[in-house]
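Comments concern the structure below.
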């Protein structure tokens, strides 16, 4: 709408600015806290302007032993663990659901709809509900304290399967018929036609699933006992509890700051495709 | 190059039979247009020939080979779809070359054939564009290019022009005809548009409710329609039908007027006269009460009802005419232009 209403402009800007401030303030505080020395962080009032210890904290956090007194892995290790887990979950989920959606949409086999509904029903069973049996299975398979154990139990996705099913249903049948006449076998069609046509949806889903994987807390907490396998999200919480002394806010906040970077990076890198994937209807 | 043979083709969906015992031979290099109203089974027939639909019973052969159980890719056919079915993520070049690439043909050969086809169709300059950057007519050409590069034995067209605007349709119709003659590839073309069918086909197969009503050249169909359905379907505006009776004295129309024609039949008949075969004749026996006149420029269409009845009649008259609503105009028709049908079976009597 192109209208010249200065008061309305002012009000909308004001609302937006207040909104940004509310969202940004905690992040700012995190950043500020990560730039001070531990002593300053214990004094009230908490600082609102950055200090001069950013690099020092950065190096200590990333490569040091973490908190003094607690035996945690260096944060780069946690970042690596989290990244591996999130990537395995996101890529695994996308690969599996693409294939299952392909099967459900393009192949006729007995109980096809039955399988579809079975997959769909698992939406009602998130990790938290099935956590005991899943733990049992993972433990028996010897996957505790491993990347497989972190990712495999979370890798099936009804949501993604359902979404890809919907995407495939919008692709006209002529596309399949035309490729059949061109001589493409099913997997060729899948690879040459379906995947490129779902590219934006895959990107959108990747963003969502990566963040889902990155933010996993309960499951990694259960199955990782070895400090080399801890993920960054769970260790932030551990850092708060572990030390018997004062929490070292500068280190904790630096860790939190580092934990935020990969998801932000993924969102920014994929933003264009992400928006296209959620809004595009033209096939 | 190949002939196509359809023998006793039957197609059922569940309990519903949509094609009933269909037969026909398509000669080498011929273009046959399958025409009929929507739901008559014409697209189903084409898709059965393409291998996209299973054949319930009967046989289809292309060349000397029975293709019933062959995959579409192994039938040596190419198909042009109504909505073009171009791959949106591939450039025109890739779209045209995709079938060849799958067949593992060498890159240079693919490139050569794509260039050649693009030149024939006049789309050389669009080769690197994506389908969405092209207009409807250009996409249509690409879809045809994709068929040409494969150099198949048979082209199948499934209403390829129905997404184009009227003017472009006329132009593309001519181009398809020229192209088909130039490449001399046996072709089957499905459409519901009878004008398209008449102009494009060497022969027409008129399909109605899964049955072949008539299979012949456009002129045969126009001059000697075998059934009421064909008579009404071919020609625009469509034929006028008047219930009548045949006695030894000739045809007696339902309003009592007489027409001359020799027939070996007695009893109730239905006569058909094309609008363009009604000639204004003061002494004529076909009297029409005018309702309105449509001016088309080169000719005029007079809409009215047969005197003393409410049977609607259209007469096409040359030039510009004026006729008041309610006034009566008399027409006659040559004996050869009066078609007689059995109203019960719909078959031609003479």
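The values are calculated or read from the model by the stated rules, or taken from the named source; none is laboratory data. All values derive from a computational prediction rather than experimental measurement. Neighbour counts are summed over all protein chains in view; Cβ atoms, including those assigned to glycine, are modelled from backbone coordinates with ideal geometry.
The single condition among (1) under 19 Å from residue B:236 (Cβ atoms); (2) outside any strand (DSSP E or B); (3) touching a helix residue (DSSP H, G or I) at 6+ places or on another chain (Cβ under 7 Å) that residue B:276 does not satisfy is (3). Taken over the stretch A:37-75, residues that are at pLDDT 80 or above, in a loop (DSSP other than H, G, I, E, B) and under 30 Å from residue A:226 (Cβ atoms) amount to 1. Note on the stretch B:238-259: among residues that are modelled with pLDDT of 90 or more and in a loop (DSSP other than H, G, I, E, B), the one that is nearest to residue B:308 (Cα to Cα) is B:239.
Among (1) surrounded by 18 or more Cβ atoms within 10 Å (Cβ to Cβ); (2) under 24 Å from residue A:214 (Cβ atoms), where does residue A:63 come up short? Here residue A:63 meets the rest and fails (1).
To keep it simple, each residue is scored yes or no on (1) in a strand (DSSP E or B); (2) not assigned by TED's automatic domain parsing to the domain that holds residue B:8.
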| site | (1), (2) |
| --- | --- |
| B:221 | no, no |
| B:292 | yes, yes |
| B:297 | no, yes |
| B:302 | yes, yes |
| B:309 | no, yes |
| B:329 | yes, yes |
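Please determine whether any residue of the stretch B:75-89 is touching a strand residue (DSSP E or B) at 6+ places or on another chain (Cβ under 8 Å), at pLDDT 90 or above and part of a helix (DSSP H, G or I). Yes, the stretch B:75-89 contains at least one residue that is touching a strand residue (DSSP E or B) at 6+ places or on another chain (Cβ under 8 Å), at pLDDT 90 or above and part of a helix (DSSP H, G or I). Of the set (1) buried (at least 21 other Cβ atoms within 10 Å of the Cβ); (2) away from chain B (no Cβ under 14 Å); (3) in a loop (DSSP other than H, G, I, E, B), all apply to residue A:184 but (2).
Within the option set B:71, B:125, B:175, B:111, being on the phi < 0 side of the Ramachandran plot and facing chain A (nearest Cβ under 10 Å) holds for one residue only, B:71. A count restricted to the stretch B:331-350 and to residues that are in a strand (DSSP E or B) and surrounded by fewer than 17 Cβ atoms within 10 Å (Cβ to Cβ) stands at 1.
From the list B:161, B:156, B:174, the one residue that fits, being within 17 Å of residue B:33 (Cα to Cα), surrounded by 20 or more Cβ atoms within 10 Å (Cβ to Cβ) and without any contact (Cβ under 8 Å) to a residue 60 or more places away in the chain, is B:161. Taken across the stretch B:90-103, residues that are away from chain A (no Cβ under 14 Å) and surrounded by fewer than 17 Cβ atoms within 10 Å (Cβ to Cβ) do not occur at all. Just one of the listed residues (A:137, A:167) is within 14 Å of chain B (Cβ to nearest Cβ) and either in contact with a helix residue (DSSP H, G or I) (Cβ under 9 Å, 6 or more places away or on another chain) or part of a helix (DSSP H, G or I) (or both), namely A:167. Any residue at all in the stretch A:241-253 that's within 16 Å of the chain's Cα centre (by Cα) and away from every other protein chain (no Cβ under 14 Å)? Among the residues of the stretch A:241-253, not one is within 16 Å of the chain's Cα centre (by Cα) and away from every other protein chain (no Cβ under 14 Å), which makes the answer no. On the given criteria, is residue A:207 within 14 Å of chain B (Cβ to nearest Cβ), out of contact with any strand residue (DSSP E or B) (no Cβ under 7 Å at 6 or more places or on another chain) and buried (at least 20 other Cβ atoms within 10 Å of the Cβ)? No.
In the set B:29, B:14, B:58, only one residue is at pLDDT below 90, out of contact with any helix residue (DSSP H, G or I) (no Cβ under 6 Å at 6 or more places or on another chain) and either within 16 Å of residue B:188 (Cα to Cα) or more than 14 Å from every other protein chain (Cβ to nearest Cβ) (or both); that residue is B:14.
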